[in-house]
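Engineer: Take a look at the following structure, please.
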């Protein structure tokens, strides 16, 4: 009996030990897996950064050895210095603020109009027949070609700038919203009829969610075009904004500042795009899609 | 037995082919459904059984007959006539519980209570938050049934709801459907092309003919529930139904047990 107890006891201890082992190894595995994933992310980021980094290094070296003219192509270090100076003087933020304000206002006006018009035309066939042909006709005119007209009509002021941005932002959202509504599965409309959805519920519970992937794509495209419109509007003449910063620097051959301006356009453009993509990921969680 | 709930009288229903010819889809249909009945409609493909169901639901109104629900004509689809489609047709952007609620808000305590009751009834506890893409075909179809039941329909119309499912899932869903019928006494009309399914579920099997679609015969099934597909009385009824088909030499039927 006693002996059995003695034999039993280490056995239990062993089992206990084994359980603990299993638990810790499971925890380890989990940690290991998330580490792997982190590593994977890090590697992907590294792969994306490789080319620009090599390019920057070569560029810097060429500049340092005097192989290229500093007026035409200042070195990355010079550009970084100029960036820093603009940053601490507050100029950068002032110009960036003005530019972003313009882009945002133009985008909101044009995008909202595009969204609403797209919804109306998508939902009502009569409206489609009345306005869509005209809108499609206007769409084929490159909106930058209308710039001279806007300047003639409204001068170089804020109004023509905002209008130019808004005009560009209108079309992508309009087309995508319209398309999105028209691609809603007709079978789901039968479901809505059987469940006696009210007309408003049909829009909010069926049409809008189904069209959302298209609408979000339209949002991204519109943002891109708004940004493009902003650059054109500011380059054509302004007294503040990133575009002005670039034009002003060009006149004094401050190439480094031109580079800073271009880089700012690129970074902010990419940031807003990432924001919408993030929104897309969150709102379209229900979708099953190929991720490569 | 009990009162009439649904009357369908269809002298004639034609289809227009793309070539412009008109083809008779349904002819001389007269079907009376009593409250609480379970009816299965069975027939070869092209016999118009799904068309008949859509007409009963008010989804197809281009015909010269009439459908009366409690004496009132059905002119458009609505929640009194619940409909379960062949494919589940769930909203892909809504979770299971939101799909069942659909246009109703889960924030209303009454809706929430009923939805969780139905989730339990169709045995989907634990999947309330799942999206349709995460569900199997059988589970999706159960959500679709729950969605129709939330509206307490007077009649539940099911259009080959288990046709696309594998044999195991199908027989499981047949059990679920019988459970629901037993609990709620909802009147059900189910279209199928599976003879076993038709006999297993129904109080009456309505056999249809093709070209033109007519009701060939109605066979009452008096077997007590739960039924045993292998029992001799079940097999006898099966033979009777099969003989009806052989008489017209229409054996396009899917014969699931392979006799």
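Engineer: Is the C-alpha gyration tensor of the protein assembly as shown telling us rounded, prolate or oblate? Criteria: a/c under 1.5 is rounded; beyond that, a/b larger than b/c is prolate, otherwise oblate.
Structural biologist: It is oblate, given that a/c is not under 1.5 and a/b is not larger than b/c.
Engineer: Kindly work out what percent of the DSSP beta bridges joining two residues of the stretch B:105-241 are antiparallel, to the nearest 5.
Structural biologist: 55
Engineer: Could you grab the relative contact order for chain A? Cα pairs under 8 Å, six or more apart, rounded to a whole percent.
Structural biologist: Details: 252 pairs, mean separation 61.9, N = 292.
The normalised contact order for chain A reaches 21 percent.
Engineer: Considering Cα pairs under 8 angstrom that are at least six residues apart, work out the relative contact order of the stretch B:61-198 and quote it in whole percent.
Structural biologist: Computed value for the stretch B:61-198: 30 percent relative contact order.
Engineer: Something else now. As an exercise, use a Förster radius of 60 Å and the Cβ-Cβ distance of residue A:182 and residue A:251 to find the FRET efficiency, rounded to the nearest 0.05.
Structural biologist: 0.75
Engineer: Here is a follow-up. With both partners inside chain B, how many of the DSSP beta bridges are antiparallel, as a percent to the nearest 5?
Structural biologist: 55
Engineer: In percent, how large is the relative contact order of chain B, given Cα pairs closer than 8 Å and 6 or more residues apart?
Structural biologist: Relative contact order comes out at 25 percent.
Engineer: Measure nothing fancy, just the Cα-based angle from helix B:109-121's long axis to the longest principal axis of chain B, in degrees from 0 to 90, nearest 10.
Structural biologist: 60
Engineer: Continuing with the same structure: Along Cα→Cβ, 7 Å out, is where each label goes; now give me the distance between the ones at residue B:87 and residue A:201 in nm to one decimal.
Structural biologist: Those two pseudo-labels are separated by 2.4 nm.
Engineer: Once every DSSP H run of n ≥ 4 in chain B is given -39500 (n - 2.57) and the sum is divided by its residues, what mean residue ellipticity at 222 nm do you get, rounded to the nearest 500 deg cm²/dmol?
Structural biologist: Rounded to the nearest 500, it is -10000 deg cm²/dmol.
Engineer: Using the alpha-carbon atoms, what tilt in degrees (0 to 90, nearest 10) does helix B:232-247 show relative to the longest principal axis of chain B?
Structural biologist: Tilt of helix B:232-247: around 50 degrees.
Engineer: Also, quick follow-up: When a/c is below 1.5 the answer is rounded, else prolate if a/b is larger than b/c, else oblate, so apply that to the stretch B:1-103 with a ≥ b ≥ c taken from the square roots of the Cα gyration tensor eigenvalues.
Structural biologist: Oblate, since a/c reaches 1.5 and b/c is not below a/b.
Engineer: Mind giving me the FRET efficiency for residue B:152 and residue A:232? R0 is 51 Å, r the Cβ-Cβ distance, nearest 0.05 is fine.
Structural biologist: Rounded to the nearest 0.05, the efficiency is 0.25.
Engineer: Restricting to DSSP H runs of at least four residues, report the calculated mean residue ellipticity at 222 nm for chain A, -39500 (n - 2.57) per run over all residues, nearest 500 deg cm²/dmol.
Structural biologist: -28000 deg cm²/dmol
Engineer: Using a basic spin-label model with each label point 7 Å from the Cα along Cα→Cβ, how many nm lie between residue A:88 and residue B:218?
Structural biologist: If labels sit at residue A:88 and residue B:218, their model points lie 9.4 nm apart.
Engineer: Please report how far the C-alpha centroid of the stretch A:269-283 lies from that of the stretch B:118-186, rounded to the nearest whole angstrom.
Structural biologist: 38
Engineer: If you don't mind, there's one more thing I want to ask. Tilt of helix A:2-64 relative to the longest C-alpha principal axis of chain A, in degrees (0 to 90, nearest 10)?
Structural biologist: 20
Engineer: To check you understand DSSP bridge types, tell me what percent of the beta bridges within the protein assembly as shown (both residues inside) are antiparallel, rounded to 5.
Structural biologist: Around 55 percent antiparallel, to the nearest 5.
Laboratory data are not the source of any read-out in this text; all were calculated from the coordinates shown. Keep in mind that what you see is a predicted model, and the values were worked out from it rather than measured. Cβ: placed from backbone, ideal geometry, glycine included. Neighbour counts: every protein chain shown.
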